[in-house]
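For reference, the structure discussed in these notes is given below.
The values are calculated or read from the model by the stated rules, or taken from the named source; none is laboratory data. What you are looking at is a predicted structure, and each value in this text was computed from that prediction instead of being measured. Counting neighbours? That spans all protein chains shown, and the Cβs are built from the backbone with ideal geometry, glycine included. Heads up: the accessible areas ignore ligands, DNA and RNA and are worked out on the full protein's heavy atoms, side chains in. Shrake-Rupley method; radii C 1.70, N 1.55, O 1.52, S 1.80 Å.
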Amino acid sequence: MKAGNADVSYALGMALRSCAEVEKRYMELEEQAKAHPDRSSSLEPLLAHIDEDRASCGALPADALGDYGKWIELAAQQGNRHAQLAYAAIFGQLLDSPQHAMDTAWIERYKINTLQFLTAAASDGSVDALSQLADVYKNGLIAPADPVRAYAYAYAVSQSGLVGTASQLLDLWAKDMTQAQIEQARQLGNSIYQQCCR
């Protein structure tokens, strides 16, 4: 675990992310107003409202706003469960950017970190992390598709009793599995649940 306060790292990362989104939205509206001067009067109230949010962000330099991911990743490494759960979605949004879409090293690091952070959060008792891991192994985008592991994590979720639709999901996924795979997945799911949530 890295030194530092995980909660502070996460709060800083999320605050910077919020400010970056406000700045992006303001620039988009400003461009719309310039491109369509006839509609600029209808955009002025929105711009004024967003300008208030921009003021609360202070005079942060653009490169500081772009660093939000660094702080969220650090918080996840430091053990902040919120950061561990949010990492996949927040960094997943960056996959569409030209900067990252073709960067195979960045994508590989994203996949490794996502698995590591979700596994850590699951080990710490997060049912949400179990659910995300079930999806990871079902869709095969972050890790190779593995129907037994996917079912096992979903089965662990069902054992928690916190997700009412878990049994329907298991029934759906079982249709594409053999009875031996289902039995193996249930045994693994029980083991995951015992380690995670007891």
Residue in the range 22-29 that is more than 28 Å from N113 (Cβ to Cβ), among the charged types (D, E, K, R) and assigned to a helix (DSSP H, G or I) present: yes
Members of the range 82-117 found to be touching a helix residue (DSSP H, G or I) at 6+ places or on another chain (Cβ under 9 Å) and of a type in the set (V, I, T), listed by number: I90, I107, T114
Residue satisfying all of: in the range 46-89; modelled with pLDDT under 85, part of a helix (DSSP H, G or I) and of a type outside the set (A, V, I, L, M); nearest to I107 (Cα to Cα) among these: D63
Leading residue by the ranking (farthest from R81 (Cα to Cα)) among those in the range 27-49 that are in contact with a Leu (Cβ under 7 Å, 6 or more places away or on another chain) and open to solvent by less than 60 Å² (accessible area, probe 1.4 Å): A33
Pairs with Cβ under 9 Å, 6+ apart, first in the range 7-27 and under 12 Å from Y68 (Cβ atoms), second buried (at least 19 other Cβ atoms within 10 Å of the Cβ) and of a type in the set (D, E, K, R): S9/E73; G13/E73
Inter-residue pairs, beta-carbon under 8 Å, first closer than 15 Å to G13 by Cβ and in the range 46-67, second acidic (D, E) and surrounded by 10 or more Cβ atoms within 10 Å (Cβ to Cβ), 6+ apart: C57/E23; L65/E23
